[in-house]
Amino acid sequence: MLQLLLLFSFFMPLFAEIFSSMAKIKDVLELVQDYDVKVEFFDNYIRAQEQYLEYLSEILEVAENVDQLLSKDLSPEHPAIAFRYFNDLNVIHRLKNKVDVFLDEERNNMQFDSEELRDFVAELPTEEDLNGTALGITRLKASYKLNVSDIANGVIANRPSRPLTLPEILDMIQYTYINFEEVKGGNILKFGLDILYYLDRTWTQLTEKEVAEILTLQLKILSFGGCICTHEYKHLLSSLILLDPNASVPSNTHCISFTRSPDCQYHREEFALDRILETFYKLCRNEPVNPIAAVVPYLSKQRHLVCKYVHNNHPYIILQPVQIEYLNEDRPTVAILHDVVSRRERTDLRLHALDFLKRSTVTTIKGRVPSPNKISQTMIVENAIVNKYFPSFRQRLLGVTKLASRSFESLKVSNYGLGGGYTIHLDLLFPAVKHNFTDTTNNRLTTMVTYLTDVENGGATVFPDLGLRVRPQKGSALMFFNLFRNGTSNNFTKHASCPVLYGEKWIANQWVLRNGQEFAYKCDLSNEW
């Protein structure tokens, strides 16, 4: 087994971030399925170690015979005894040489296998990926109000799977807990407590060690969250001390909120969400909301909701006009462009991007960095590639929007991971711009989110301020304007991508910059669309 341990000591961890792309998750599972790890590697090493132990056992047996001879007769003058000594010792020598040859051969085989196995292991999920999947389930629980008993029993979106074991549940809580600071904690604390209380009620055949582990986790979450009464903390602490007097007890110095009710040990306060985040979650669940844009004076009625076909005399769509469906009666304009990407284009875009996907990033004062608020992987398809291999797709967008092609940014293809989504944000490159169109800042005039796949459950694009929810529909594009006619930004285009509850979500984002649209989208001094 020493060789096997030495082999694994050469493995270098890879920051793969597989969890942030469902396509990458599928690739890894297909790799494991195609690659018979058990037969190719571990069985071979086990057989080799068994052969090695067999040789050592033979040497040991002969050595024991020599010991017995030495204990009875040390007379080398006797020819028969001398022959017996030399024969047994020579057997040991031959076996030792045999072992050396065997080890040399195995060392060469191991060197060959280790390189192949190292490459294989480098493709496997890391601890970062396990961490990401645990956070993804936490995100899904908060967004869609999933029942913790369903999660524990392996049921997501009414789809059953094997129930989680107790160690798996505790690992999930541990991985979410260690990220409390990164994601600001509220949903994680609630998820951790809910599922731990579920274990209290349903797990009846636990060992004392397992119960102590659950109690310790509860105390850690309570002391860190500062949202549960001291009675409950004392109740859990006393229970833990009874089980394990030497237990490491978390500090409760952060506990600042007290609720003095008789059954306090079972009371849990709800974690408050700000209004816009609450609206985001409600829209993801397709619940009714009261959009704040409805009471803003300048967002006057623009039109009744209509669908219409347009071709704008553009040669690429004049024989097959594009259907536009307007989604909101109030400004700003939000519309769906139906069937602007063909099935072949959708497939080719996904295949083209698949091998080049990288973890999505956001812009901060430290530059572009990965964020827990954006769980996806992306790949930039340069304009030269789009114009060469996907000319019809680009021409359809040009024909229906009548915007100038020189201001089209490169296409950005994205694939969302487990629980993947993107919290509320603006698409503007410079969100704080307040100047009119004379400003030299080149901002994003319009966004077109092209859906390359349907999503079975979740994954909607929502506009909290407008109260709009758009379900992904493959082949269609969601289009909205980020700027007023005078070039200033409008924050009512804030939008978000709901976490994917079940299925796979691929999109291609097409942004069009303002500069260069002077004739296609005429400027105005007013804040009109």
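Condition test on SER57, is it exposed (fewer than 12 other Cβ atoms within 10 Å of the Cβ), at pLDDT 75 or above and hydroxyl-bearing (Ser, Thr, Tyr)? Answer is yes for this residue.
Here GLY226, GLY185 are screened, and the one residue that is under 21 Å from THR423 (Cβ atoms) and at pLDDT below 65 is GLY185.
Residues in region 335-373 that are assigned to a loop (DSSP other than H, G, I, E, B), farther than 30 Å from GLN320 by Cα and hydroxyl-bearing (Ser, Thr, Tyr): SER360, THR361, SER371.
Write out, first by first residue and then by second, each pair whose Cβ atoms fall under 7 Å of each other, whose residues are 6+ apart or on separate chains, and whose first residue, in region 364-376, is within 14 Å of HIS425 (Cα to Cα) while the second is surrounded by 15 or more Cβ atoms within 10 Å (Cβ to Cβ) and at pLDDT below 80. Filtered contacts from region 364-376: PRO372/VAL183. Residue count for region 500-509 satisfying the condition of being modelled with pLDDT under 95 and not hydrophobic (A, V, I, L, M, F, W, C): 3.
Among residues of region 485-505 being over 24 Å from the mean Cα position of the chain (by Cα) and more than 15 Å from THR447 (Cβ to Cβ), the one that is surrounded by the most Cβ atoms within 10 Å (Cβ to Cβ) is GLY487. Against the definition (modelled with pLDDT of 95 or more and under 20 Å from LYS374 (Cβ atoms)), how does PRO472 come out, yes or no? Judged against the criteria, PRO472 is a match. Give the residues of region 131-179 that are at positive phi and either buried (at least 20 other Cβ atoms within 10 Å of the Cβ) or touching a residue at least 12 places away in the same chain (Cβ under 8 Å) (or both), sorted by residue number. Across region 131-179, the qualifying residues are LYS145, ALA157.
Which of the residues spanning region 374-423 are closer than 30 Å to TYR144 by Cβ and in a strand (DSSP E or B)? Result: LYS374, SER376, GLN377, THR378, MET379, LYS412, VAL413, SER414, ASN415, TYR416, TYR422, THR423. PHE390 meets the conditions (1) among the aromatic types (Phe, Trp, Tyr); (2) more than 25 Å from THR279 (Cα to Cα); (3) touching a residue at least 60 places away in the same chain (Cβ under 8 Å) in every case but one. The failed one is (3). Among all residues of region 305-328, there is at least one that is touching a strand residue (DSSP E or B) at 6+ places or on another chain (Cβ under 9 Å), in a strand (DSSP E or B), under 25 Å from ILE424 (Cβ atoms) and at pLDDT below 95. Of all residues in region 339-355, none are modelled with pLDDT under 90 and either touching a Lys or Arg at 6+ places or on another chain (Cβ under 9 Å) or not assigned by TED's automatic domain parsing to the domain that holds GLY475 (or both). The lone criterion from (1) at pLDDT below 70; (2) in a helix (DSSP H, G or I) left unmet by SER75 is number (2). Of the residues making up region 465-503, those that are in a loop (DSSP other than H, G, I, E, B) and either under 22 Å from LEU135 (Cβ atoms) or without any contact (Cβ under 8 Å) to a residue 24 or more places away in the chain (or both) number 4.
If the condition is being of a type in the set (A, V, I, L, M, F, W, C) and in contact with a Pro (Cβ under 9 Å, 6 or more places away or on another chain), then region 479-496 contributes PHE480, PHE481, PHE484, PHE492, ALA496.
The values are calculated or read from the model by the stated rules, or taken from the named source; none is laboratory data. Given the structure is predicted, the values throughout are model-derived calculations rather than measurements. Methodologically, a virtual Cβ is constructed for each residue, glycine included, from the backbone with ideal geometry; neighbour enumeration extends over all protein chains shown.
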